[in-house]
Amino acid sequence: MTQLPRRAVLAAPAALAAPALAQAYPTRPITMVVPFAAGGPTDTVARLLAQAMGPDLGGTIVVENVAGAGGTLGAQRVAQARPDGYTILCHHIGMATIPTLYRRLAYDPVNGFATIGMITEVPMTIVGRRTLEANTLAELVALVRQRGERLNYANAGIGAASHLCGLLFMSAVGTAMTTVPYRGTGPAMNDLVAGTVDLMCDQTTNTAEQIRAGTIKAFAVTTRERVPALPELPTAAEAGLPDFEISVWHGLYAPRGTPEPIINRLSQSLQVALRSPVLVQRFADLGTTPVPPERATPAYHQRFWQADIARWRPIIQAAGSFAD
Ligand code: MLT
């Protein structure tokens, strides 16, 4: 009898077990960690996704907010979880900036994760309290230059999209404001509506409804094109800041070492969820769209994420603004 190489013999049961593993999964609720506070933009995306993925998976996805330290506490929780498919992470562009912004972390911000697929790219908006003494972006720029650190700027900590957008805005205006960090822009929005902070730059998934309701002032959207959900709002370029452009991509991750059949099962379910009419409509109301299916794959997501880490590294290093 031909002797099989030992490695082939050992690999055979695993290969046979792979489809069975994916078929049997999940047998209990999956925890989707959101690294920011409840009620904010990441939480909104995660909850819509969890609801849409659950039926396809034949199970339940429970969203858990593990907020703090600019999203690094939630990411750490997932990087250090058992790689069994029962703990996953919904995170955004912070996954690309944190590896450079944070030089000391208790987890590996790059190799600690397996990618499942991208979810969406969300425009940001420059917004202020309703009583702010500016009505256009040009008036806001003049006000920021005049008041500087006497104006408060809310964000969700170093590594948050609101932090990144704020840095870009202050650099474009050439004036620093006083930053007020929160555990997420959900609670920051409450204070903006109440008028206890002056300004914020946040994703349309958190601002669109408040802008339409008139509870806050909106000055510009940060994408090249206007957003259909907020057709009256000019782009930053139209309103006088030509190079000011940023959008926030979101992706789904599992701990590194999660079996490939489970990653593929989650990715397949993600792609189904992103076509769900309820999710597509809600995303549209909130100013965003799901990525096409070919981007909701582990391989595309991995390439995009690594390229974005490389894109942000020199920008953050040149700015010298590290979390420590
Ligand atoms: C959140 O969910 O609170 C935000 O995504 C925080 C941010 O990155 O600005």
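Read the figures in this text as sums done on the coordinates, not as results from a lab. These numbers were taken from a predicted model, which means no experiment stands behind them. Here the Cβ positions follow ideal geometry from the backbone for every residue, glycine too, while neighbour counts run over all protein chains shown.
Roughly how far apart, in whole Å, are the Cα centres of the range 149-191 and the range 103-139?
10 Å
Please report the projected area of the range 179-273's Cα convex hull averaged over all directions, in nm².
Computed as one quarter of the Cα hull surface, the answer is 8.9 nm².
For the Cα atoms of the chain, what angle does the longest principal axis make with the long axis of helix 185-194, in degrees from 0 to 90, nearest 10?
20 degrees
Mind checking which of 65, 207, 160 is farthest towards the positive end of the chain's charge dipole, using Cβ charges of +1 (Lys, Arg) and -1 (Asp, Glu) about the Cα centre?
Most positive-ward Cα: 65.
When only C-alpha pairs under 8 Å and at least 6 residues apart count, what is the relative contact order of the chain, in percent?
27 percent
Report the relative contact order of the range 123-221, percent, no decimals, based on alpha-carbon pairs under 8 angstrom and at least 6 residues apart.
This gives 48 percent for the range 123-221.
By the scheme Lys and Arg +1, Asp and Glu -1, what is the net charge of all other residues having a beta-carbon under 13 Å from that of residue 52?
For residues surrounding residue 52, the net value is +2.
Per DSSP H run of at least 4 residues, take -39500 (n - 2.57); add these up for the chain, divide by its residues and hand me the 222 nm value, nearest 500 deg cm²/dmol.
After summing the helix terms and dividing by the residues of the chain, the value is -13500 deg cm²/dmol.
Sort largest first and round to whole Å: the equivalent ellipsoid semi-axes of the chain, each the square root of five times a Cα gyration tensor eigenvalue.
Over the Cα atoms of the chain, the semi-axes work out to 39, 21, 16 Å.
For residue 224 and residue 260 in the same chain, what is the full-extension length gain: residue separation times 0.36 nm, less their Cα-Cα distance, in nm?
9.3 nm
If I measure Cβ to Cβ between cysteines in the chain, which ones have no partner under 4.7 Å?
90
Using mean Cβ contacts within 10 Å as the protection proxy, how do 78-85, 141-148, 307-314, 109-116 order, highest first?
By packing density, highest mean first, the sequence is 109-116, 78-85, 141-148, 307-314.
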